[in-house]
1. Going residue by residue through the range 164-184, is there one that turns out to be under 14 Å from the mean Cα position of the chain (by Cα), under 19 Å from Met52 (Cβ atoms) and not in a loop (DSSP other than H, G, I, E, B)?
2. For residues in the range 94-115 being part of a helix (DSSP H, G or I) and surrounded by fewer than 16 Cβ atoms within 10 Å (Cβ to Cβ), which is farthest from the chain's Cα centre (by Cα)?
3. Quick test of your reading of the structure: Glu155 fulfils all but one of (1) in a strand (DSSP E or B); (2) surrounded by 15 or more Cβ atoms within 10 Å (Cβ to Cβ); (3) touching a residue at least 24 places away in the same chain (Cβ under 8 Å). Name the failing condition by number.
4. Scan the range 40-62 for residues that are at pLDDT 70 or above, closer than 22 Å to Met201 by Cβ and not in a loop (DSSP other than H, G, I, E, B) and report the count.
5. Scan the range 22-39 for residues that are under 19 Å from the mean Cα position of the chain (by Cα) and either open to solvent by 90 Å² or more (accessible area, probe 1.4 Å) or modelled with pLDDT of 95 or more (or both) and jot them down.
6. Among the numbered conditions (1) closer than 15 Å to Glu103 by Cα; (2) in contact with a helix residue (DSSP H, G or I) (Cβ under 8 Å, 6 or more places away or on another chain), tell me where Pro127 comes up short.
7. Out of all the residues in the range 2-21, which are of a type in the set (Val, Ile, Thr) and open to solvent by less than 70 Å² (accessible area, probe 1.4 Å)?
8. Looking at Lys14 and the list (1) out of contact with any strand residue (DSSP E or B) (no Cβ under 8 Å at 6 or more places or on another chain); (2) at pLDDT below 95, which single condition is not satisfied?
Amino acid sequence: MNFDDFSIRIPKIKNLPLPGEASHLKMAPQFRLEELKMAREKPQITKKAAVMALFYPDEANLTRLLLILRKSHPKDVHSNQIGFPGGQVEVDDTNMMATALRETYEEVGVKPKEIEVVKSLTEIYIPPSNFNVYPFMGLYTNPQPFLLQETEVEELVEVPLVDFMDDGNIFIEEMTTSYASNVPVPAFKLNGYTVWGATGMMLSEIKTLLRQVL
């Protein structure tokens, strides 16, 4: 879909109810369901972070969604995984949206004033890192070249909207992670990468919303 049509239809999302946890669970591996159940039974103090699902036009004016491949860090359970631009709340952030905008600027160089935030999405708890993550959807209508934060971002993953919306790009893969071995995981295959876990769960909610307006 060209970005002009996409940007005209997207504001309709603002008035839609969030699909919420029901959409998350479609892309949740079994071990994550068990972790979430345990977390609900034994609440704890969590860290907070916010991320931005950024949609923008490419050179052909076709709509793309920006993901990033994170750098490898030995002590980071999310090291070398695909995710959204974003990160942890800092003391000067006025709210979660401010965190998402600041982190997007720091990681990929998009100024906050250049992003039209369309909607806040359902927060999601990530047991391995004990984070509550607050996602946002945004439009970047007049994109400039992205500037990668070299310490955090290994590579940009610029996903065509048509590929993201294609159900043929959802599959089950057996994976070994830093905290689970040889487990079947529902995932997206996007730009050759396996996208799963919390990012896949958030993508599921975004896709559910987009299907109602596109």
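The values are calculated or read from the model by the stated rules, or taken from the named source; none is laboratory data. Note that the structure is a prediction, hence the values are computed from the model and not measured. Neighbour counts run over all protein chains shown; Cβ positions are idealised from the backbone, glycine included. Calculation scope for accessible area: heavy atoms of the full protein, side chains included, ligands and nucleic acids excluded. Shrake-Rupley method; radii C 1.70, N 1.55, O 1.52, S 1.80 Å.
1. Within the range 164-184, one or more residues are under 14 Å from the mean Cα position of the chain (by Cα), under 19 Å from Met52 (Cβ atoms) and not in a loop (DSSP other than H, G, I, E, B).
2. Restricting to residues being part of a helix (DSSP H, G or I) and surrounded by fewer than 16 Cβ atoms within 10 Å (Cβ to Cβ), the top hit is Lys113.
3. Against the list (1) in a strand (DSSP E or B); (2) surrounded by 15 or more Cβ atoms within 10 Å (Cβ to Cβ); (3) touching a residue at least 24 places away in the same chain (Cβ under 8 Å), Glu155 comes up short only on (2).
4. 9
5. Answer for the range 22-39, where residues must be under 19 Å from the mean Cα position of the chain (by Cα) and either open to solvent by 90 Å² or more (accessible area, probe 1.4 Å) or modelled with pLDDT of 95 or more (or both): just Lys26.
6. Tallying (1) closer than 15 Å to Glu103 by Cα; (2) in contact with a helix residue (DSSP H, G or I) (Cβ under 8 Å, 6 or more places away or on another chain), Pro127 fails exactly one: (1).
7. First pass over the range 2-21, keeping only residues of a type in the set (Val, Ile, Thr): 8, 10, 13.
Listed by number, the residues that qualify are Ile10, Ile13.
8. For Lys14, the exception is condition (1).
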